[in-house]
Structure formats: C-alpha cells, structure tokens
Amino acid sequence: MTVREIIKRFTFIEIFQGMALTLKKMFSHAVTIQYPKERRHIAPGFRGLHALAKNPVTGQTKCVGCGLCAAICPSQCITIKRGNGKVQDYEIEVLRCIYCGFCVEACPYGAIAMTENYEYSEYKRSDLLMNKEKLLANWDKSMPDKKGEEYFKKFWRPMSDDFGTPRDQSSFRGKQQ
Amino acid sequence: MDIANAIDPKMIDAIIRFGLEVLIILIKIVVVLAIGLLHVAYATYFERKVIGHMQVRLGPMRVGPHGLLQPFADGIKLFFKEDIIPANADKVVFYIAPIIFMAASMVNLSVIPFSYSFTIADFKISPVIADINIGLLFIFAMAGIGVYGIFIAGWASNSKYAFLGGLRSAAQVISYEIAMGLSLVGVMIMAGSLNLTDIVRAQEESVFGMFAIPQIVGFVVFTIAAVAETNRTPFDMPEAESELVAGYFTEYSGFRFAEFFLGEYIAMIIMASMATICFLGGWTLPWYILSVLPFLKMVPGIVWFLMKAYAFFFFYYWIRATLPRYRYDQVMAIGWKILIPVALANILVTGLVKIIITTLHGA
C-alpha cells in the first residue's frame with residue numbers, strides 16, 4: 001500500500017466525496033411525477049388505445065374490411081367479421097396488442113387510429129375485448145373534431161394520400177362506407 | 001386523644017414532600033416517554049423524506065400535507081395487522097424477545113439528561129429521570145441486554161434467515177460495544193466522572209468547550225461504533241435485506257414487529273444523545289461562541305441539545321443514503337483490527353496528557 005492509499009483510507013476521503021454528492025442531490029429537484037395529480041406530458045403521435053375513424057359525412061366507420069391490418073398485426077389480435085358486403089364486426093384484443101402501430105400504417109383508408117388514452121384498466125378480460133361499437137366510441141371520445149384528421153396528416157399519412165388511384169380508374173372505391 | 005397531635009407536623013411535611021417528588025418523577029417519565037415515542041414516529045418520517053430527497057425522489061407525500069401523518073398511518077396499520085406466529089416457533093421466547101429488546105433500549109431514556117436543572121416552588125428539577133453516577137456504564141449494560149432480545153428473536157423464530165440475522169447481530173454488537181466503550185474511556189478520563197450530567201458540566205468548563213475537539217479520534221470511533229451498534233447501514237448485516245429478508249425479525253409481524261422497530265429507533269435516539277452528551281457538549285455551548293455571541297445565552301439548553309442530537313440523526317440518514325453495506329468479514333475486520341487498536345491508542349494518549357497536565361498544575 002502506498003502512502004497515498006493509506007492517507008485515502010484513513011481520512012475517509014472517498015466516503016466524504018460520496019456524502020457530498022448525496023447532500024448536493026438532496027437539494028435538487030425530485031424527478032417524481034405524482035401520478036393521479038400530475039401527469040406525464042403525452043408526446044404527439046402517442047400510441048395508446050385504438051379507435052376506428054369515423055367518416056365525418058356519414059358518421060359511419062371508414063373501415064372497408066380489407067383485412068390488411070389483421071394480416072400485418074404481429075400479435076394477431078385483430079379479427080374482422082364481414083357479411084353482406086359490410087364490416088359486421090371489428091374486434092381488437094387489447095390485452096394482446098403490442099402497440100407497434102403497424103395496423104395504422106397498413107390501413108389504406110386511415111380507418112384505424114391510436115389515441116392518446118392510456119388509462120383503460122378494467123376488472124374483466126371481456127371488457128378489454130374491443131368491438132366495433134367500443135372502437136367507434138373511442139374515436140368520439142379521444143379524437144373529436146379536427147383532432148383526428150390532423151392525427152393522420154401529421155403522423156401516418158394513409159397510403160391513399162400518396163398512392164391514390166385516379167378518379168376515372170375503376171376501383172372498389174364505391175364500397176367505401 | 002387529639003388526632004392532630006398523633007402525627008408530627010414535620011412528618012406530614014416530609015410525607016407530602018416525598019409524594020410530590022414521586023409525582024415529579026412520574027410526570028418526568030410520562031413526558032420523556034411521550035416525547036421519545038413522538039421522536040421515533042417522526043424519525044421514521046424524516047428518514048424516508050431525507051433519503052428520498054437524496055435519491056432525487058419525494059418520499060411520503062400522500063397522507064396529510066407532504067405526508068406528515070404517515071407515521072400515524074403506519075402505526076395504525078401495524079397495530080391492526082394480524083399477529084402471525086410461526087407454527088414451529090418457541091412460543092414463550094418468541095413473545096418475550098421483542099419486549100426485552102424494546103425495554104432494554106427504552107430504559108436508557110431514563111439516564112439521559114436533557115438540559116440545565118431548574119427550580120419550581122423550591123423543588124429542584126433536573127431534566128433527567130434517574131441522575132445516577134454510573135449513567136454511562138448503565139447505557140452500555142442495557143445495550144448488552146438488547147442483544148439478547150435480538151438473538152433470542154432470531155433463535156425462537158425457527159427460521160434460517162432470522163437465525164443467521166440473530167447470530168450476526170450478536171457477533172457484531174458485541175465486537176462494536178468494545179470499541180464504543182473504549183472510545184468513551186477518553187471522555188471518562190477527561191471528565192473524571194461516569195455521570196452524564198457531570199460529563200456535560202466538565203465540557204462546559206473545559207478549554208475546548210466540547211470533547212469532540214480534543215477527543216476527535218474517540219469521536220470518530222464512537223460514531224462508527226454507534227452506527228454498527230444500532231445495526232444501521234453500512235453495518236446492517238443483521239437485517240441485510242438482500243441476503244436475509246429482514247434478519248432477526250423476519251418472522252415477526254404486526255405489533256411485535258413494531259416493538260422491534262421502536263426499540264431500534266430509540267436505540268438510535270440514545271446513541272445520538274450519547275454523542276451529544278459525551279462529545280458535543282450536551283445542552284451547553286462552548287464559551288468562545290458565547291463570548292462572541294452573548295445573546296445565545298437566552299436560548300434554553302434543550303434547544304442546543306436537540307439540535308446537536310438531530311444533527312447526529314441526520315448523519316445516520318445521510319450515510320444510509322450514501323454507503324453500500326460492508327461485507328461481513330470487513331465489518332469484523334474494521335471492528336477488531338482498526339477501531340479497537342485506535343481507541344486503545346487514544347486512551348493511552350489521553351491518559352498521558354492528563355498525567356502531564358495534573359503534574360504540571362499540581363493535582
């Protein structure tokens with residue numbers, strides 16, 4: 001042991017340095033967010049609970065039931081039930097969702113969105129199985145008025161915006177509800 | 001026969017006086033116990049707050065404004081919790097252990113003097129329940145008995161964690177008690193008394209004002225030994241959470257656990273008071289401070305006593321927030337290979353200086 005080490009050990013210098021640090025930190029600002037009273041700032045484009053976008057004219061869902069979202073979903077939590085040329089039901093098992101946002105990216109019509117709502121705990125599993133009605137209600141709750149439109153423009157840009165077919169070309173556009 | 005003459009009026013006076021003395025002692029006990037327990041409650045609160053802020057958290061915030069009622073919430077919770085006794089525990093010993101531990105540390109409160117003595121209607125009241133001449137030895141003895149509580153609890157629980165915690169505690173407290181006792185011998189030599197009030201008086205009259213200056217080595221040894229003696233971080237081997245769950249009180253729940261908790265915090269209060277009385281000058285201020293700022297004489301002594309004790313308490317929290325736990329062999333090595341030789345050398349030097357001074361001044 002060198003003289004330096006002996007002096008270091010017997011004067012507790014390193015301990016005092018550590019104590020100076022803790023004392024300094026004691027007078028710094030705590031990083032705690034007191035959750036129910038204070039909330040963390042939600043970043044724009046936050047990926048929270050899903051919602052089905054509503055057509056502002058008809059008030060119906062924009063979804064055409066093409067099934068691209070269900071196909072791309074990594075955890076396969078989306079089930080679409082079709083019948084009579086309509087989307088009968090659209091189910092998302094929220095508990096299995098990993099919030100990757102692929103469904104929103106895949107949708108050519110901008111029909112599915114992820115809202116900023118992250119507080120939706122329930123007591124029963126069945127309450128967290130979202131069906132079409134619940135998902136449409138989520139849209140009304142979390143994406144009112146212009147907010148939903150801006151959400152798509154800013155963060156997702158549905159493929160139809162970029163690669164939209166010419167008006168005169170035949171397409172299944174007529175089926176859109 | 002005249003009844004009034006049957007008893008001597010002097011004797012009635014004596015009896016009344018005796019009754020009043022007893023009443024004063026009872027009041028003192030109630031006051032000291034109540035204030036002591038309140039200090040324990042808020043010691044836990046401030047520990048959580050201070051450590052929280054040192055770790056850039058907030059600490060308790062929910063119960064009452066800034067969590068001020070948290071200790072009461074904790075107390076009520078502990079009081080109403082189910083009292084679980086392990087099936088294979090040694091029942092009687094299991095019941096007795098926390099009582100021994102708590103009683104051994106609470107009894108110490110009776111010999112701690114808090115301030116100057118004062119007079120109310122020709123009763124001289126000294127703010128100490130029992131002003132005994134061997135106060136310092138009494139505290140050592142009681143600390144020694146407290147180990148029995150810990151060790152018995154560890155043994156009676158019939159659990160490996162509790163047992164290891166109890167063994168560790170016994171080894172640690174016994175080793176560090178030697179170092180602590182030896183570190184205080186320097187104070188005894190300088191004060192020439194074991195009475196705690198006399199020790200404070202000796203500091204008031206000494207050149208330095210407090211023994212922490214001439215006895216700095218003893219003070220450092222005492223501080224380290226006091227932390228180890230009360231089983232606090234960085235010497236919390238007996239209750240090492242990451243190794244032994246909670247150590248010797250792993251199997252205790254509800255109010256029995258609260259008794260251990262109380263005992264531990266009162267032991268901390270005792271250690272802080274001991275440091276205040278033996279090294280920091282108790283309720284007095286050094287004469288050189290008083291000569292510069294004479295108006296400080298107006299402040300009652302209890303304020304200085306509490307401020308010094310709180311500072312020592314804060315030190316406890318501070319090192320808990322800073323330092324990691326020592327390894328077991330390191331704890332033993334520090335105690336036996338460093339603290340005890342250093343304390344012995346301190347005694348030697350103090351004794352030599354005392355002899356030189358007394359021969360120069362002529363007894």
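Placing dummy labels 7 Å off each Cα toward the beta-carbon, the span from A:GLU150 to A:ILE72 is 2.5 nm. Of the DSSP H helices in chain B, those that are both long (alpha-carbon extent of 24 Å or more along the helix axis) and hydrophobic (Kyte-Doolittle mean at least 1.6) are B:91-107, B:135-156, B:340-361.
Kirkwood's formula applied to the C-alpha pairs of the range B:231-357 gives a hydrodynamic radius of 17.9 angstrom. All C-alpha pair distances within the range B:37-153, sorted into 5 Å bins from zero, spread as 2, 9, 11, 12, 14, 14, 16, 12, 6, 2, 1, 0 percent across the bins. Computed from the Cβ-Cβ distance with R0 of 51 Å, the FRET efficiency linking B:ILE357 to B:VAL22 stands at 0.75. Measuring gaps between exposed loop sites in chain A (chymotrypsin sites (Phe, Trp or Tyr not before Pro); DSSP loop; at most 15 other Cβ atoms within 10 Å), the longest gap, sites not included, is A:124-177. One Cα centroid belongs to the range B:50-122, the other to the range A:25-59; the line between them spans 41 Å. Compactness check for the range B:153-262: Cα Rg over 2.2 N^0.38 Å is 1.36. For chain A, the longest principal axis of the Cα atoms and the long axis of helix A:132-142 meet at an angle of about 60 degrees. How large is log10 I(q)/I(0) at q = 0.07, 0.15 Å⁻¹ when the Debye formula is applied to the Cα atoms of chain B, each weighted equally and without solvent? Per q value, in the given order, log10 I(q)/I(0) is -0.36, -1.38. Ignoring the sites themselves, chain A has its longest run without trypsin sites (Lys or Arg not before Pro) in a DSSP loop having at most 14 other Cβ atoms within 10 Å at A:41-95. Think of it as helices only: each DSSP H run of n ≥ 4 in chain A is worth -39500 (n - 2.57), and spread over all residues that comes to -8000 deg cm²/dmol at 222 nm. Viscosity 1.002 mPa s, temperature 20 °C: what is the translational diffusion coefficient of the protein assembly as shown from Stokes-Einstein with a Kirkwood Rh over Cα pairs, rounded to a whole number of µm²/s? Rounded to a whole number, D works out at 73 µm²/s. B:ALA333 to B:TYR148: FRET efficiency via 1/(1 + (r/R0)^6), r the Cβ-Cβ distance, R0 45 Å, to the nearest 0.05? My answer for the efficiency is 0.95. Rounded to the nearest whole angstrom, the semi-axes of the ellipsoid equivalent to the range A:76-126, taken from the Cα gyration tensor as √(5λ), stand at 21, 16, 10, largest first. Sparse packing (at most 13 other Cβ atoms within 10 Å of the Cβ) combined with a DSSP loop state is found for the following GluC sites (Glu not before Pro) in the range A:103-151: A:GLU119, A:GLU122. Modelled this way, with points 7 Å down the Cα-to-C-beta line, the labels at A:ARG82 and B:ILE120 are 9.2 nm from one another.
For the range B:277-349, the pair-distance distribution built from all alpha carbon pairs, in bins 10 Å wide starting at 0, is 15, 26, 31, 21, 7, 0 percent. Net length available on complete extension from B:ILE96 to B:LYS77 is 4.6 nm, with 0.36 nm assigned per residue and the Cα-Cα distance removed. Once you treat every alpha carbon in the range B:215-280 as an equal point and sum by Debye, what is log10 I(q)/I(0) at q = 0.24 Å⁻¹? The Debye formula, applied to the Cα set alone, gives -1.02.
For A:GLN60 and A:CYS100, a Förster radius of 22 Å and the Cβ-Cβ distance give a FRET efficiency of 0.25, rounded to the nearest 0.05. Would you please state the base-10 log of I(q)/I(0) at q = 0.11, 0.15, 0.19, 0.20 1/Å for chain A, with intensities from the Debye formula using one equal scatterer on every alpha carbon? Here log10 of I(q) over I(0) equals -0.57, -0.90, -1.32, -1.42.
Throughout, read-outs are computed from the coordinates displayed, never taken from laboratory work. Every value quoted in this text rests on a predicted model; they were computed, and no experiment measured them. Every residue, glycine as well, gets a Cβ built from its backbone with ideal geometry; the counts of neighbours run over all protein chains shown.
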